[in-house]
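Novice: One structure, as structure tokens, below. Some questions next.
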Amino acid sequence: MLSVKNIRCSYGNIEVLKGISLKVEEGQIVALIGANGAGKTTTLKAISGILPITSGSITINNVDISREKPYNMVKHRMSQVPEGRQVFPELSVLDNLLLGGYAIKDKKCVNDRIDNMLEFFPRLRERAKQHAGTLSGGEQQMLAIARALVSDPKLLLMDEPSMGLSPKLVGEVFDIIVDLKNQGITILLVEQNAHMALNIADYAYVIQTGEIVISGTGHDMSANDEVRKAYLSE
Ligand code: ATP
């Protein structure tokens with residue numbers, strides 16, 4: 001479904017992605033793990049068109065999206081849950097969800113999707129009129145996920161969805177990710193929590209200073225000595 005081939009990206013004259021290649025097959029959860037500053041977020045930004053690539057290519061279902069603008073990603077049925085949730089704190093939960101459907105012309109379709117989301121996330125329904133800034137960290141993460149789902153994506157890019165959450169909520173968020181996969185959504189998951197990510201991932205890549213250094217099935221990676229020492233604190 002998603003194919004990233006040898007992409008390079010720079011901030012100014014500092015190259016932070018040095019030829020990243022990865023694949024996400026339809027129906028999979030693919031994890032991208034790595035230390036702080038390795039280039040995980042930058043990889044997602046490159047895929048979603050927020051940051052231009054200097055070389056390489058990105059395709060979705062064989063369509064080249066290497067130079068596509070972020071606001072056109074909805075056309076390719078791709079959506080992103082950004083790092084740090086980035087909900088609009090002064091807007092209500094409902095208005096945050098409406099923004100998730102901003103690029104979609106058929107507003108009836110958007111409202112139906114929002115209804116589905118409020119069904120899937122009952123806590124958001126209870127808090128629909130509340131300012132998003134008053135939600136707990138876990139609820140804000142659910143809102144960020146729901147907002148990304150309003151555009152009915154086939155491919156969801158998730159940037160550190162477990163960040164800053166209590167262990168119980170981390171478990172809930174990972175359950176939701178598996179649920180989404182079971183509903184047919186393909187997921188590229190960036191995570192610091194390598195242990196949890198490898199547990200649910202069909203396939204995983206380790207990124208180190210802008211390069212993929214190891215990849216394999218979630219199962220094989222959990223058993224890999226190098227991965228265990230460096231990323232699973234074992
Ligand atoms: P983290 O887990 O800490 O979010 P990451 O793997 O997502 O890390 P990136 O955010 O992709 O890492 O950063 C990769 C490198 O690019 C880092 O060295 C970072 O300092 C640098 N970088 C990130 N954003 C910018 C920016 N806007 N301007 C300059 N350098 C940046």
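The values are calculated or read from the model by the stated rules, or taken from the named source; none is laboratory data. No experiment lies behind these values; they were computed from the predicted model shown. When we count neighbours, we look across all protein chains shown, and the Cβ atoms used for this are built from the backbone with ideal geometry, even at glycine. Calculation scope for accessible area: heavy atoms of the full protein, side chains included, ligands and nucleic acids excluded. Shrake-Rupley method; radii C 1.70, N 1.55, O 1.52, S 1.80 Å.
Novice: Among A146, A128, which is the only one that is free of Cβ contacts under 8 Å to residues at least 60 places away in the same chain, farther than 29 Å from G34 by Cβ and open to solvent by less than 30 Å² (accessible area, probe 1.4 Å)?
Specialist: Values: A146 fails: farther than 29 Å from G34 by Cβ.
Going through A146, A128 in turn, just one is free of Cβ contacts under 8 Å to residues at least 60 places away in the same chain, farther than 29 Å from G34 by Cβ and open to solvent by less than 30 Å² (accessible area, probe 1.4 Å): A128.
Novice: Can you confirm whether I187 is on the phi < 0 side of the Ramachandran plot and crowded, with 19+ Cβ neighbours inside 10 Å? So that I can check it myself, show each step before the final result.
Specialist: Details: on the phi < 0 side of the Ramachandran plot: yes; crowded, with 19+ Cβ neighbours inside 10 Å: yes.
Yes.
Novice: Would you pick out the residues in region 35-53 that are closer than 17 Å to T209 by Cα and open to solvent by 50 Å² or more (accessible area, probe 1.4 Å)? Working first, answer last.
Specialist: First pass over region 35-53, keeping only residues closer than 17 Å to T209 by Cα: 35-46, 53.
Within region 35-53, A35, N36, G37, K45 meet the criteria.
Novice: A further question on this structure: Check every one of the strands (runs of 3 or more DSSP E) wholly within region 25-82 and list those with 3 or more residues that are at pLDDT 95 or above and among the aliphatic types (A, V, I, L, M).
Specialist: Numbers: elements: 29-33, 55-60, 78-81.
Qualifying strands (runs of 3 or more DSSP E): 29-33.
Novice: Could you tell me whether any residue of region 64-80 is more than 16 Å from the ligand (Cβ to nearest atom), open to solvent by less than 80 Å² (accessible area, probe 1.4 Å), at positive phi and of a type outside the set (A, V, I, L, M)?
Specialist: Step one: filter region 64-80 for residues more than 16 Å from the ligand (Cβ to nearest atom), giving 64-69, 71-79.
If we keep only those that are open to solvent by less than 80 Å² (accessible area, probe 1.4 Å) too, we end up with 65-66, 68, 72-74, 76, 78-79.
Checking which are at positive phi leaves us with none.
No, every residue in region 64-80 fails to be more than 16 Å from the ligand (Cβ to nearest atom), open to solvent by less than 80 Å² (accessible area, probe 1.4 Å), at positive phi and of a type outside the set (A, V, I, L, M).
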